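Below you'll find the structure, written out as structure tokens, and then a few comments.
Read-outs throughout are calculated quantities, based only on the coordinates presented, and are distinct from any laboratory measurement. Because the structure is a prediction, the values reported are computed rather than measured. Here the Cβ positions follow ideal geometry from the backbone for every residue, glycine too, while neighbour counts run over all protein chains shown.
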Amino acid sequence: MKFEIEAGPYLRELAPVKIPLQNHVDVEPSGAQVVLAEPCDEMLKGIERLSVGDVVGVKCAMVKDGRSTIILPMQVEREGDMLYGTLIIPRIEPNKSITVELVDKSEGCIAHPVSLRQLEDEKRVDVEIGGELFTAYRYSEKYVRPFLYPLIGPFGRHLTREVDVEASEGFDHIHHRSLYTAWGDINSVNVWSEEGAHGYMRHHCFGSLVSGDVYGRICAHITWTDHYGKPLMEQIAVYQFYGTPQSHRLIDMVVAFHAKYGPVRFGDTKEGGIVSIRVFPTMAVVNGGRLENSYGAVNEAHVWGKRAHWCDYSGPVNGVWVGVAIFDNQRNLRHPTYWHARDYGLMTANPFGLSEFLGRGHDGSYVLGEGDWLVFRYRVYAHIGDASVGRVGLHYINYVAPPSFKLV
């Protein structure tokens, strides 16, 4: 099979592309490993609803741009009756194209394999890219909720604040644990704070843990409860980690809520984020960092409570300027989302806090009917420099409008 992939009017750089394949394509099982857990019924329902495919292996792809030829891995998965192949395009200049041909040879294949390693005793899953630790999914019940920590970006710099530190002077908001999901009013239960009669988010099971030459993936089932353990709703969390160089790290996130136990009301509050990041302290605006959104607004005074397609936090870490961005998906409820973003280092995508962002007379609460699902999708992008140096805008286009392709 041979495809032509077109850049369109944009520079394409380290862009994941997913292509439908013919069902008779022969795939090598090497290059990908799937650890099947014991998914519960809720996880199986979520995987089916979200069309999370079964990884079957890796195919090699010969990529030509008219001047050079390279071999890249294409990770193949089955969704229902279809096969899809995902590869990461290194670079296509604007208005140019490349050809991609599936081949059997694997010599010289360029890959940054993603390896997942579960440490059950420590209740975490380490994610390594190219043999280097990138992040870890932590699900111990000593924490109020699961989260990703650390988040290691360019030059090996940490992008998020340390989590195992007791609240003290200079360490505010202990519930801001690296990269996480939480909400401050679920049927009047606070599942954002870690004080008082707060709620909990409890990891229940894994659907699968995928390692591969193109991406790794964690599928997790999480139950939201009140302070006393009464379930409020279920969540399926999907994290897909791409095998890119350390200068450009990508995570695709799916956050899917299921109102299994009755209607779920997401209350109107600023205290929450469907995806939330607390950056490394020296990156905060108050310490010389920079907060910027897709419209060019800068820092809390102009970013907080405003809608934007993406938001980026950058700043110095041990002498190097690095950044991390959150991309809102165009299919999300109330896209482009509102942002609860602070100069002290917090950045969250908040679609429900309208009364606090816009003032009285606005009600951003949302009721999810019994049995219904609400799905959010995001991409997290870790990069060198600020939003301009990191070409955050171009990488957002890669996310919402990836390169087009056709069979040739």
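Details
- Over 29 Å (Cα to Cα) - which of Lys59/Lys260; Lys18/Lys105; Lys45/Lys306; Lys18/Lys142 fall in this group: Lys59/Lys260; Lys45/Lys306; Lys18/Lys142
- The stretch 320-340-the stretch 369-408 distance, computed between alpha-carbon centres (Å): 9 Å
- Rounded to whole numbers, the Karplus 3J(HN,Hα) couplings from phi for the stretch 351-362 are x, 10, x, 5, 5, 7, 7, 10, x, 4, x, 10 Hz, using 6.51 cos²θ - 1.76 cosθ + 1.60 with θ = phi - 60°, and x at Gly and Pro.
- Cβ-derived FRET efficiency at R0 60 Å, Asp343 paired with Glu93, nearest 0.05: 0.95
- C-alpha center-to-center spacing [the stretch 92-121, the stretch 187-229] in angstrom: 30 Å
- With a cut-off of 11 Å between beta carbons, the residues surrounding Ser365 carry a summed charge of -2, where Lys and Arg count +1 and Asp and Glu -1.
- Available extension along the chain between Arg117 and His335 is 75.0 nm, counting 0.36 nm per residue and deducting the alpha carbon span.
- Sequence of Cys205, Cys311 once ranked by neighbouring C-beta atoms within 10 Å, starting from the fewest: Cys205, Cys311
- Highest-fluctuation residue, Thr337, Thr69, Thr269 considered, GNM on the chain with Cα pairs under 10 Å: Thr69
- Between the stretch 284-301 and the stretch 1-72, the alpha-carbon centres lie 35 Å apart.
- Highest-fluctuation residue, Tyr215, Tyr149, Tyr295 considered, GNM on the chain with Cα pairs under 10 Å: Tyr295
- Qualifying trypsin sites (Lys or Arg not before Pro) for the stretch 22-113 [loop in DSSP, other Cβ within 10 Å: at most 10]: Arg67, Lys105
- Fully extending the segment from Asn23 to Asn287 would add 89.6 nm, taking 0.36 nm per residue of separation and subtracting the current Cα-Cα distance.
- Our coupling estimate for the stretch 316-327, obtained by passing each phi through the Karplus curve with A = 6.51, B = -1.76, C = 1.60 and θ = phi - 60°, is x, 10, 6, x, 10, 8, 9, x, 9, 10, 10, 9 Hz, Gly and Pro reported as x.
- Amide H contacts for Asp372 (H built 1.01 Å from N in the peptide plane; partners 5 or more residues away or on another chain; cut-off under 5 Å): Ala259.
- Going from the residue with the fewest nearby Cβ atoms within 10 Å to the one with the most, Cys109, Cys60 rank Cys109, Cys60.
- Residues whose placed amide H lies under 5 Å from that of Lys123, excluding near-sequence neighbours: none
- Residues considered: Leu159, Leu148, Leu368. Largest GNM mean-square fluctuation over the chain, using C-alpha springs under 10 Å, is found at Leu368.
- Amide H contacts of Val55 (H built 1.01 Å from N, under 5 Å, at least 5 apart or other chain): Arg78
- Helix-only mean residue ellipticity at 222 nm for the chain, each DSSP H run of n ≥ 4 adding -39500 (n - 2.57), per residue, nearest 500: -1500 deg cm²/dmol
- Residue-wise HN-Hα coupling along the stretch 64-74, computed from phi with Karplus coefficients 6.51, -1.76, 1.60 (Hz; x: Gly, Pro): 10, 10, x, 10, 9, 9, 9, 10, 10, x, 10
- Extension gain, Val320-His204: 0.36 nm per intervening residue step, less the Cα-Cα distance, totals 37.9 nm.
- The chain, relative contact order in percent, only Cα pairs under 8 angstrom and at least six apart counted: 17 percent
- In summary, the convex hull built on the alpha carbon positions of the stretch 114-400 has an orientation-averaged projected area of 14.2 nm².
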